[in-house]
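First the structure, in the form of structure tokens, and then the observations on it.
Rule-based calculations on the coordinates, nothing more; no lab input. All figures in this text were calculated on a predicted structure; none of them were measured in a lab. Using ideal geometry, Cβ is built from the backbone for each residue, glycine included, and neighbour counts are taken over all protein chains shown.
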Amino acid sequence: MLGFRRWTIFASLHEMSELTSARVLVFRVGGVRCAIRAQAVREIMPLQPATRVPGAVEEVSGVINMRGTVVTVVDLRRCLDQPAGESEGSLVMIYLHGRTVGLVVDEVLDLATVPEGALAARDGLPGIEARFVQAVGRHDGRLFALLDTEMLLHEILLSQEGL
């Protein structure tokens, strides 16, 4: 019986450690390393041409057809005032408020687990407006901004509702 209780304690400690870490997708946008929480990511795909929507804000590259669903594509380089990179880029599909949105990034770097305690206050990374950043972390010795996708995309997606 004692052995069973010990196992239960270790199992619960394991579960607690999972709760104190965050899985993030780390990527590069222009010259800045960014991340988003992995549970929001649906899929990563090669960048494909989007059909421009008349009247859309400049951050919206357009729309694509993803398996029969029309998906709005947002260029994070424009949102974060970063120049386009040399690589072709990737499309990170995320799920936000009941809809799929495509995010254009320059390069997907890694899917990482970061201890929550390693995430610092959001005002520690130059180059990105603090209101778009939830926290700042470190991966492979380099800083990244954990983006607040809801704040970042709120106004952009609202502008698309009327189109």
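Worth a mention:
- Relative packing of 98-106, 40-48, which averages over residues the other C-beta atoms within 10 Å, highest first: 98-106, 40-48
- Subtracting the Cα-Cα distance of R52 and R67 from their residue separation scaled by 0.36 nm leaves 3.5 nm.
- A straight chain from E129 to A84 at 0.36 nm per residue would run longer than the Cα-Cα distance by 14.4 nm.
- Taking 0.36 nm per residue of separation and subtracting the Cα-Cα distance, full extension of the segment from E43 to V108 would add 22.2 nm.
- Peptide packing: for 28-38, 107-117, 133-143, the average count of neighbouring Cβ atoms within 10 Å per residue gives the ranking 28-38, 133-143, 107-117, highest mean first.
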